[in-house]
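Pasting a structure below so you can have a look.
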Amino acid sequence: MKYRKGSAARPQVPPPPRPEAGARIDLHLHSLHSDGALSPAELVARAREAGVSILSLTDHDSVRGVPEAREACRHEGLTFIPGVELGVGIGDDEVHILGYGLDTKGRPLQNALDQLAGERIDRMEKMLAALGRLGVTITLEDVQAETGGHIVGRLHLASALVRLGHVANHGEAFQRWIGAGRPAYVRRQLLTLREAIDLILEAGGVAVVAHPGLTRRDELIEYLVRLGIRGLEVYHPKHDFVDVSRYLKLCAKFDLFATGGSDFHGVGKLDKPPGSAATPADQYAKLLKYIKI
Ligand code: AMP
Ligand code: ZN
Ligand code: FE
Ligand code: FE
């Protein structure tokens, strides 16, 4: 074995397991079961075209796309990891927790997700009422027409507002009405950190902090680790080099693995394609130690 010039001879250690050398591993993708545009099978096909060979479907508050995505991956020869993305309320901020390798058929998980879906409908009705008071007429059916699943969110609302001609694009919808703090914004019912992490762990999954650079609540990471978090999503289209180096340092400090994914939705101009951010193979191998797939 060759070493770089100047490096002392090192003891022979086995190389880190590399399940599929050169694999592109995208562990953050959305389908129409939450606020993505594509069906799970279409999403898998798109990911494969983009060179992704290992992927996770991480819909918001839903695992209903998992069977179709698993089957499509089997068909296309890709490795599939079941996943979910849960929103947590921290003061006025929202932190997202990713769960991987869950048993998606368990009753406690399904009951909790059904409850979150119902609360999203109640919240959407409040946002539509607020829009009505602002003179914008739009119904729950208009919003539900934008989703292929049972989850309704602000991205669907923005799409419906564009379709009905109330705004020119998604950005305008968030800017004028439905972004946090705007007049038709209503916060949805969110889980606590402990609830979100426990749901994932009790379903046999491993919990990871999604895009920590977006909320920047780094002071929480030590507490999150105590609650059972085992990884940080270091590689994300909205993380810059400074974010990546900061979160790699925090991974080293707390002995966490570093994941990555594109957070592809297939909606809006700013969306980045599958594979545009990815998980390094050695970090994926660390994640695999926590789950059965
Ligand atoms: P919800 O879970 O219903 O609160 O919707 C959150 C989703 O809305 C996020 O996942 C984003 O896709 C989208 N979103 C939130 N804020 C903005 C924004 N300012 N511009 C565009 N999309 C946004
Ligand atoms: Zn989303
Ligand atoms: Fe997120
Ligand atoms: Fe996401």
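The values are calculated or read from the model by the stated rules, or taken from the named source; none is laboratory data. The shown structure was predicted, so the numbers you read here are calculated from the model rather than taken from an experiment. For neighbour counting, all protein chains shown are included, and Cβ atoms are generated from backbone atoms with ideal geometry for every residue, glycine included.
With R176, R187 as the choices, which residue is touching a residue at least 40 places away in the same chain (Cβ under 8 Å), surrounded by fewer than 24 Cβ atoms within 10 Å (Cβ to Cβ), charged (D, E, K, R) and over 25 Å from Y100 (Cα atoms)? Give the derivation first.
Details: R176 fails: touching a residue at least 40 places away in the same chain (Cβ under 8 Å).
It is R187.
Then there's this: Do you know which residues across the stretch 257-286 are within 22 Å of G36 (Cβ to Cβ), among the aliphatic types (A, V, I, L, M) and modelled with pLDDT of 95 or more?
A277, A278
Condition first: touching a helix residue (DSSP H, G or I) at 6+ places or on another chain (Cβ under 6 Å), acidic (D, E), in the same structural domain as R217 (by TED's automatic domain parsing) and on the phi > 0 side of the Ramachandran plot. Can you find one or more residues in the stretch 29-38 that meet it?
No, the stretch 29-38 contains no residue that is touching a helix residue (DSSP H, G or I) at 6+ places or on another chain (Cβ under 6 Å), acidic (D, E), in the same structural domain as R217 (by TED's automatic domain parsing) and on the phi > 0 side of the Ramachandran plot.
Among the residues of the stretch 237-272, which ones are crowded, with 21+ Cβ neighbours inside 10 Å, within 16 Å of ligand 3 (Cβ to nearest atom) and under 22 Å from K286 (Cα atoms)?
Y247, T259, G260, G261, S262, D263
Looking only at strands (runs of 3 or more DSSP E) that lie completely in the stretch 44-141, which have at least 1 residues being touching a helix residue (DSSP H, G or I) at 6+ places or on another chain (Cβ under 8 Å) and either over 25 Å from L190 (Cα atoms) or free of Cβ contacts under 8 Å to residues at least 24 places away in the same chain (or both)? Talk me through it step by step, then tell me what you get.
Working: elements: 54-57, 79-90, 93-100.
Because the criterion is at least 1 residues that are touching a helix residue (DSSP H, G or I) at 6+ places or on another chain (Cβ under 8 Å) and either over 25 Å from L190 (Cα atoms) or free of Cβ contacts under 8 Å to residues at least 24 places away in the same chain (or both), the strands (runs of 3 or more DSSP E) in the stretch 44-141 that meet it are 54-57, 79-90.
Pick out the one residue from L157, L164 that is over 29 Å from A258 (Cα atoms), out of contact with any His (no Cβ under 8 Å at 6 or more places or on another chain) and either surrounded by fewer than 16 Cβ atoms within 10 Å (Cβ to Cβ) or among the charged types (D, E, K, R) (or both). Steps first, answer last, please.
Details: L157 fails: either surrounded by fewer than 16 Cβ atoms within 10 Å (Cβ to Cβ) or among the charged types (D, E, K, R) (or both).
Result of the check over L157, L164: L164.
Give the stretch 192-229 a look and list any residue that's in a loop (DSSP other than H, G, I, E, B), over 16 Å from the mean Cα position of the chain (by Cα) and not β-branched (V, I, T), or say none.
Initial filter on the stretch 192-229 (in a loop (DSSP other than H, G, I, E, B)): 192, 203-205, 210-211, 216-217, 228.
Still in the list and also over 16 Å from the mean Cα position of the chain (by Cα): 192, 203-204, 216-217, 228.
Of everything in the stretch 192-229, those that are in a loop (DSSP other than H, G, I, E, B), over 16 Å from the mean Cα position of the chain (by Cα) and not β-branched (V, I, T) turn out to be A203, G204, R216, R217, G228.
May I ask you to list the residues in the stretch 67-109 that are within 16 Å of ligand 2 (Cβ to nearest atom) and either buried (at least 24 other Cβ atoms within 10 Å of the Cβ) or modelled with pLDDT of 95 or more (or both)?
So in the stretch 67-109, the residues within 16 Å of ligand 2 (Cβ to nearest atom) come out as 69, 83-88, 94-99.
Answer for the stretch 67-109, where residues must be within 16 Å of ligand 2 (Cβ to nearest atom) and either buried (at least 24 other Cβ atoms within 10 Å of the Cβ) or modelled with pLDDT of 95 or more (or both): A69, G83, V84, E85, L86, G87, V88, V95, H96, I97, L98, G99.
Any residue that is touching a Ser or Thr at 6+ places or on another chain (Cβ under 8 Å) and more than 13 Å from ligand 1 (Cβ to nearest atom) - is there at least one of those in the stretch 112-119? Break it down stepwise before answering.
The initial filter retains those residues of the stretch 112-119 that are touching a Ser or Thr at 6+ places or on another chain (Cβ under 8 Å), namely 113, 117.
Still in the running and more than 13 Å from ligand 1 (Cβ to nearest atom): 113.
Yes, because at least one residue in the stretch 112-119 is touching a Ser or Thr at 6+ places or on another chain (Cβ under 8 Å) and more than 13 Å from ligand 1 (Cβ to nearest atom).
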